Amino acid sequence: MDFNDKKWQDGMRVTVDYNYMMSKSLGDKGIKDSEISALSEKAASAYGYVAKNRGKDELFMGWTELPYNQNEIVEDILKTAKEVRSKFKYFVVLGIGGSALGPIMAFNALKHLHYNELPDDKRNGPKFYVEDNVDPVRMAALLDVIEPEKTCFNVISKSGATSETMTQYLIIADILKNKGVSLPDNIIFTTDEKKGNLIKIDQSFGGAFKKYVLPDGVGGRFSEMCPVGLLPAAVLGIDIKAMLAGAAYMDGLCSSPDVSNNPALACAVLQYITMKQGKNINVLMPYSDNLKLMADWYCQLWAESLGKAVDYDGNVVNAGTTAVKSLGVTDQHSQVQLYIEGPFDKVITFISVSEYACAMPIAHGCEDIPDVGFLGGHTMQELIQAENKATAYALMRAGRMNYTITLPAVNEFTLGQLMYLLELQTAYTGALLNINTFNQPGVENGKKATFALLGKKGYEAQKAEIASAAAPDKKYIV
Ligand code: PA5
């Protein structure tokens, strides 16, 4: 593949089909063309807001430029990745939220589904783990399967103040010290350019750590295409240039204020209309195990960006819809009954794949049992695609709105397109809602309350307040 070849790129174009959202398919349960037209001015102004503020660090819109402004950094990352691959047996990301979900998602999407279990010669790169929790059992389990002295740890934290990440750092640093390892030999920081505790730690080592910058105007959940995601991906041998080229390609497809000519704006307008109808559940259902964790990544992007108490005019709006992750076909046997017959409160977004990495023929057999025999001679690819289409159709027949994003194949270029599409969709939706898409005051409050509970200096008053709020009333304990 040559990801710079225009013809190849066009063959890999990610598309959105929203026929099953519209009244032509759903009758009075669907959206009318006139409803979309009525929003065209508002949509154009949401587009204009994003276009006008592209790249502005002060508005946290630096992510829009990541496909274009990282040539030097990409070369540096590729060099470091090469060294890491030759020197280490394991690569572990320490981070949480936006500093972890992207690296896990890209790993799952683009590497072998049992990557860590592959024999060394087939894996051809370090084993890969992302520790995005502070569950003690999980940390102990990690320590059972890695050899810390043969591990490169990538500590990713924009603020350098996140208790979870810093806890992981403290534990790992102690283990490495006890093994006589010099920390900068085995640890890479990805953090803010100038501030935060990782910078302080680095300064205390005389600047000896290898560091990558999480740019000022890029928030955690929009950071997969900066060093947060690019370094782990490059260490895994993922083609990061192709991923960025995919994002740029999608950016090009979204360069019109006209809904019918901008896939991200179309998705945003559909989501906005359904929000206003009171549909408050937004399900993302990839029909691909490789894209299973795309739903986790998307849920954070959507939830943390759009779940906001007030709008830009100071009105209390309590905006947002609940993003739910689902997996086809697995959740057909778990959730789809609810989607088809439960409340009319959901919009389902399918992610479909035209050409899976392999088709997997289904062997002939059991010809005397027609219920089983009919499967022989088909492929698993045909089966999963048929089930995907059948579920979308059944939902439509039941008057349930759904639309489909199709990837011609799962590769770096299409993943870059998909991420950028969903990021832009989120930014446009936030602009339609007139809210700040890029802050997370709720999460910050939780972080501060944790500091207080663990006795951090300066948080004494909050500790007392939490203690009194949490004083258990025995009447309500059963
Ligand atoms: O998207 C976000 O901003 C958050 O999810 C953060 O990424 C998360 O809280 C971790 O923060 P930090 O990178 O500062 O450690």
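Would the range 198-211 turn up any residue that is within 19 Å of I156 (Cβ to Cβ), touching a residue at least 24 places away in the same chain (Cβ under 8 Å) and of a type in the set (D, E, K, R)? Scanning the range 198-211, I find at least one residue that is within 19 Å of I156 (Cβ to Cβ), touching a residue at least 24 places away in the same chain (Cβ under 8 Å) and of a type in the set (D, E, K, R), so the answer is yes. Annotation note: of P257, P286, P263, the sole residue that is modelled with pLDDT of 95 or more and within 16 Å of the chain's Cα centre (by Cα) is P286.
Among residues of the range 447-469 being at pLDDT below 85 and surrounded by fewer than 11 Cβ atoms within 10 Å (Cβ to Cβ), the one that is farthest from the ligand (Cβ to nearest atom) is S468. Considering the range 81-108, the residues that are in a strand (DSSP E or B) and within 13 Å of the ligand (Cβ to nearest atom) include one that is surrounded by the fewest Cβ atoms within 10 Å (Cβ to Cβ), namely L94.
Screening T162, T191, T167 for residues that are over 15 Å from Q70 (Cβ atoms), within 16 Å of the ligand (Cβ to nearest atom) and at pLDDT below 95 leaves exactly one candidate, T162. Among the conditions (1) in a helix (DSSP H, G or I); (2) surrounded by fewer than 20 Cβ atoms within 10 Å (Cβ to Cβ); (3) within 14 Å of the ligand (Cβ to nearest atom), E423 misses just one, which is (2).
If the condition is being in contact with a strand residue (DSSP E or B) (Cβ under 9 Å, 6 or more places away or on another chain) and touching a residue at least 60 places away in the same chain (Cβ under 8 Å), then the range 20-41 contributes Y20, M21, G30, I31, I36. Looking only at residues of the range 314-363 that are aromatic (F, W, Y) and buried (at least 16 other Cβ atoms within 10 Å of the Cβ), we find that the one that is farthest from Y298 (Cα to Cα) is Y356. Within the range 190-212, the set of residues being of a type in the set (G, A, S) and either part of a helix (DSSP H, G or I) or closer than 30 Å to Q9 by Cβ (or both) comprises S204 only.
Scanning the range 428-442 for residues that are part of a helix (DSSP H, G or I) and surrounded by 15 or more Cβ atoms within 10 Å (Cβ to Cβ), which turns out farthest from the ligand (Cβ to nearest atom)? Steps first, please.
From the range 428-442, those part of a helix (DSSP H, G or I) are 428-433, 441-442; that's our starting set.
Still in the list and also surrounded by 15 or more Cβ atoms within 10 Å (Cβ to Cβ): 428-433.
On the way: Y428: 18, T429: 16, G430: 14, A431: 18, L432: 21, L433: 18 Å.
Filtering the range 428-442 for residues that are part of a helix (DSSP H, G or I) and surrounded by 15 or more Cβ atoms within 10 Å (Cβ to Cβ), the one farthest from the ligand (Cβ to nearest atom) comes out as L432.
Restricting attention to the range 42-50, does a residue exist that is on the phi < 0 side of the Ramachandran plot, part of a helix (DSSP H, G or I) and in contact with a strand residue (DSSP E or B) (Cβ under 7 Å, 6 or more places away or on another chain)? Walk me through how you get there before you give the answer.
Taking the range 42-50 as the starting set, the residues that turn out to be on the phi < 0 side of the Ramachandran plot are 42-50.
Add one more test, that the residue is part of a helix (DSSP H, G or I), and what stays is 42-50.
Imposing the further condition that a residue be in contact with a strand residue (DSSP E or B) (Cβ under 7 Å, 6 or more places away or on another chain) reduces the set to none.
There is no residue in the range 42-50 that is on the phi < 0 side of the Ramachandran plot, part of a helix (DSSP H, G or I) and in contact with a strand residue (DSSP E or B) (Cβ under 7 Å, 6 or more places away or on another chain).
Residues in the range 273-289 include at least one that is closer than 30 Å to N4 by Cα and surrounded by fewer than 19 Cβ atoms within 10 Å (Cβ to Cβ). Is there a residue in the range 60-68 that is crowded, with 21+ Cβ neighbours inside 10 Å, among the β-branched types (V, I, T) and within 27 Å of D296 (Cα to Cα)? Yes, the range 60-68 contains a residue that is crowded, with 21+ Cβ neighbours inside 10 Å, among the β-branched types (V, I, T) and within 27 Å of D296 (Cα to Cα). Residues that are of a type in the set (D, E, K, R) and either within 15 Å of L291 (Cα to Cα) or within 16 Å of the ligand (Cβ to nearest atom) (or both) within the range 109-121 comprise just one, K111.
The values are calculated or read from the model by the stated rules, or taken from the named source; none is laboratory data. Bear in mind that the values here come from a model prediction, so they are computed numbers and not experimental data. In this analysis, Cβ positions are derived from the backbone assuming ideal geometry, glycine residues included, and neighbour counts consider all displayed protein chains.
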